Each structure stands twice: as structure tokens, then as C-alpha cells.
Amino acid sequence: MAEFDIGIMGATGFTGRQLAAELSRRAPSGARILLGGRNLERLERVAAPLDLPVCVVDSLNPGQVEDFVSQCRVVVSTVGPFARYGDPLVDACVKQGVHYLDITGEVPWARQVIDRHHARAAEQGTLLLPFSGFDSVPSDLGAWFMVQQLAAQGQQTRQVLSAFSIKGGFNGGTLASALNMAESFPARALAHPFWLDPEPPTDRETLRAHSDPSRPTEHPQLGALAPFFMGSVNTRVVRRSAALAAQAGRPYGPEFAYQEYMRMSSPAQAWAATAAMGLGVGLLRSKVGRKLAARLGPAPGEGPSEAEMDGGFVKVRYAAQDQDGRWHKATLQAAGDPGNRVTVRILAQATLAVAEGEGLPGGVLTPAFALGQGLLDRLEATGEWSLNLDN
């Protein structure tokens, strides 16, 4: 029997420190939490006020990683870029049958994890749950919620659209992951809209119909819209959820489609945001641009101030079209900086759901497919998250 219920890998990083505090505060009495990281002195600084035990572990040392994993029932990682540091930990979790969660937004790496581990993890009942933060739970759980609401009315879902309004910053780990992904994978590979599906379609018509938006648009239900910079991650996760649900005999809809945007105050603002996003993507694709971003952006372990994180917010408007062509709308509101406060809150609740869950499915799954209503209920119970149909 494992000595600890939850092991946090990367507990001394910017997100890991917040997660340790959040889990310490939210976990039920008697929960056993182990903090893991490379530096003993930094680990002890994090652990002391929380009265938690520590384990020195280098994420690139397979022996240390396996020892850390062997002590835990569930492991949660905040150590990115995951394509650089994540494989030994995932490998060890699958080998030892330990459930795993992370906050990656690295679609190419997640595809590799699916190819290497999904079949074995599914067979042995080990749950691997990437994308368990702001990437990509508001999208994944929001689309799932709309599908369930329409199903309760006897309707299948033809499509779901999401429009994000956010305020917040980003931390050094997030920047490092974005830079690594831009450097390591060609743009055409990142553009595949079904990259995470169990069996990604290849016909050009389907790929074109679900391709990422590149221009601003206006929608009668959602207003002025611009492409969302996280859309190329979140849409892939939602489509994997839909594909997994279809395999399980619970299809979202016969030709379900999902797309997402940023919600803007006017068409002119939508054009400006689109141009700015295009410039940012271009910089990430340039070696000079990546060097500039690394120099000017926060370093790993750094991020927004407490006041900045407290002052952030997430608001997502969803519009779902049923099989008869009627539209249904809902709104998600979450307090705090999206990439930090909201991510940590989501990750903590997902981790607790897995740690306390029974009969969980195995495989490389998505938060909506694996946890669904249970995760939504937990987030609502924090008092800092609400998702409701519009009147």
C-alpha cells in the first residue's frame, strides 16, 4: 500500500508552490501529501508552513522518479516543458499503476503519450489525465456540459462554440513550454485539428471544415470574435473527449463540431487582436523571436504577483446548436488569473477527484470524459467557479 495519497512533482516551481498550498487547504483531513523537487532547501521552504514531508527527486533521473512514484497512489506534475521533463514520470506511473495528472498544453507530447501508453493504461486501469488546468478544462468541461444539457432535453448536439474573455498573466514555466513546442514541432503538424483523436481522420474536407480560425468573425449568439491563442490546444482536447464518448456509446452528436474564440467588444478590436496574435505566433516560429521572448519574459519559477493573480478572471460564453438548429447558451465565470489561480484550482480539484475516486477508467483520457460531473461539482463547491445555462 502506498504511503502517500498524492505526490506533487515540481513542488518548488511557481505553479507547484501554489498547488501544494491549495491541496493542503482543500484536501480532507488525514490526506497524505508528499512534495517532490530537485532542491532540498527549496522543498523545505515550501513544506515548512504546510507541515508536509518532502522527497528529493530529479525528474530526469529514472531511479529517483520511480522511487517517488512508488510512494504515491496519485502523482500530479507541474514540471514543464513536459516534452523535455515528463516522460520518466509518466513511464514510471504506468509501470507501477499510479494515476497521473498534469497541466500540459503540449499537444504533440500528449499524442506521444497516447501512442506509448494508452492501451496498457486502459487495460490495467491506470488513469493518465493531461490538460487538467486552464489548458483545457474550461473548454472541455464546458462543451461536455452543453452536450449534457441538450441531452436532458432529448436533443443531440450539432456544434458548440466557446468565446473567452480573460484577464491575467503567465509564468515562466508556461513560457518555456510554449517556446519548446514552437521550436520542436513544425507548424503543419500542430495544425492537425484531430491530432489527439483515437483514430484521427485524414480526408481533406473534414480537416478543412474543422481547421483553426485565422480571421475575425461575428456570430449572432456571441458577437465579435477573434481567434483564441489557446484554441489549437483546447479544441483538440474537446474533440478527443467527443471521440472517446462516441467509442463508449455516448456520442456528443452525429457530426459534432467544436470551435473557440476570444470575445471582443467590436469588430475593429477583433481585427486588432487577430493581428496581434499573428505577430506573436510569428515571433514564436522565429529563432530570434524565441530568444527575445525568453529574455524579456518571466524565468521558470517566476510569475505574476499575488495582487495580479487575485485581480484576474475567466469568463466563457458557450453557444450550442441542437439537431433542430436551435441555439442554447451558457456562461462560465471563474475568479482569478486563468493560467495561475484558475489552473491551480482546477488541478487541485481534479487531483482530489482522482485520489478519492473509485472505479475510475484507465487510459490517456480527458478531464471531461474521465471526471465529468464529479469535477464540475467540485469546482462549483469552491465558490470560485460557476457554470450555468443562460436564461
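Before moving on, here are some points about what is shown:
- Qualifying residue in the stretch 87-106 (condition: within 21 Å of V237 (Cα to Cα), crowded, with 19+ Cβ neighbours inside 10 Å and modelled with pLDDT under 95): yes
- Checked against the criterion of being at pLDDT below 95 and under 30 Å from A121 (Cα atoms), the candidates G339, G374 yield just one match: G339.
- Count of the stretch 19-49 residues which are under 26 Å from the mean Cα position of the chain (by Cα) and of a type in the set (K, R): 4
- Whenever a residue of the stretch 357-385 is in contact (Cβ under 8 Å) with a residue 12 or more places away in the chain and over 22 Å from P198 (Cβ atoms), its partners that are among the β-branched types (V, I, T) and open to solvent by less than 30 Å² (accessible area, probe 1.4 Å), lying with C-beta atoms within less than 7 angstrom and at least six residues away or across chains, give the pairs L379/I346.
- Selection over the stretch 84-113 of residues that are in a loop (DSSP other than H, G, I, E, B) and polar (S, T, N, Q) gives a count of 1.
- Failed condition for Q321, given (1) over 18 Å from the mean Cα position of the chain (by Cα); (2) of a type in the set (S, T, N, Q); (3) modelled with pLDDT under 95: (3)
- Restricting the first member to the stretch 21-48 and to residues that are without any contact (Cβ under 8 Å) to a residue 60 or more places away in the chain, and the second to residues that are basic (K, R) and crowded, with 17+ Cβ neighbours inside 10 Å, the beta-carbon pairs closer than 8 Å and six or more apart or on different chains are V46/R17.
- Count - residues of the stretch 322-332 that are out of contact with any Leu (no Cβ under 8 Å at 6 or more places or on another chain) and assigned to a strand (DSSP E or B): 1
- Comparison of V65, V76 shows that the only residue that is in a strand (DSSP E or B), within 26 Å of R111 (Cα to Cα) and of a type in the set (A, V, I, L, M, F, W, C) is V76.
- Among residues of the stretch 322-337 that are over 20 Å from Q153 (Cβ atoms) and among the small types (G, A, S), those with a beta-carbon under 9 Å from a residue that is open to solvent by 30 Å² or more (accessible area, probe 1.4 Å) and part of a strand (DSSP E or B) at least six positions away or on a different chain give the pairs A334/F313; A334/K315; A334/S386; A335/F313; G336/F313.
- The residue that is most open to solvent (accessible area, probe 1.4 Å), among those in the stretch 251-291 that are small (G, A, S) and outside any helix (DSSP H, G or I), is S265.
- Of all residues in the stretch 346-373, those satisfying the criterion of being open to solvent by 40 Å² or more (accessible area, probe 1.4 Å) and either among the β-branched types (V, I, T) or outside any loop (DSSP other than H, G, I, E, B) (or both) are E356, F369, Q373.
- Residues within the stretch 114-140 that are assigned to a loop (DSSP other than H, G, I, E, B), in contact with a strand residue (DSSP E or B) (Cβ under 8 Å, 6 or more places away or on another chain) and not aromatic (F, W, Y), tallied: 3
- Top-ranked residue of the stretch 141-174 - restricted to ones that are surrounded by fewer than 22 Cβ atoms within 10 Å (Cβ to Cβ), hydrophobic (A, V, I, L, M, F, W, C) and within 24 Å of F14 (Cβ to Cβ), ranked as modelled with the highest pLDDT: I166
- All positions within the stretch 112-140 that are on the phi > 0 side of the Ramachandran plot and either of a type in the set (F, W, Y) or crowded, with 16+ Cβ neighbours inside 10 Å (or both): F131
- Test: residue in the stretch 53-74 that is within 23 Å of N340 (Cα to Cα), crowded, with 17+ Cβ neighbours inside 10 Å and under 20 Å from the mean Cα position of the chain (by Cα): yes
- The selection criterion, being out of contact with any Phe, Trp or Tyr (no Cβ under 9 Å at 6 or more places or on another chain) and open to solvent by less than 10 Å² (accessible area, probe 1.4 Å), holds for G37.
The values are calculated or read from the model by the stated rules, or taken from the named source; none is laboratory data. All values derive from a computational prediction rather than experimental measurement. Please note: Cβ atoms are built from the backbone with ideal geometry, for glycine as well, and neighbour counts cover all protein chains shown. We work out accessible area using only protein heavy atoms, side chains counted, and drop any ligands, DNA or RNA first. Shrake-Rupley method; radii C 1.70, N 1.55, O 1.52, S 1.80 Å.
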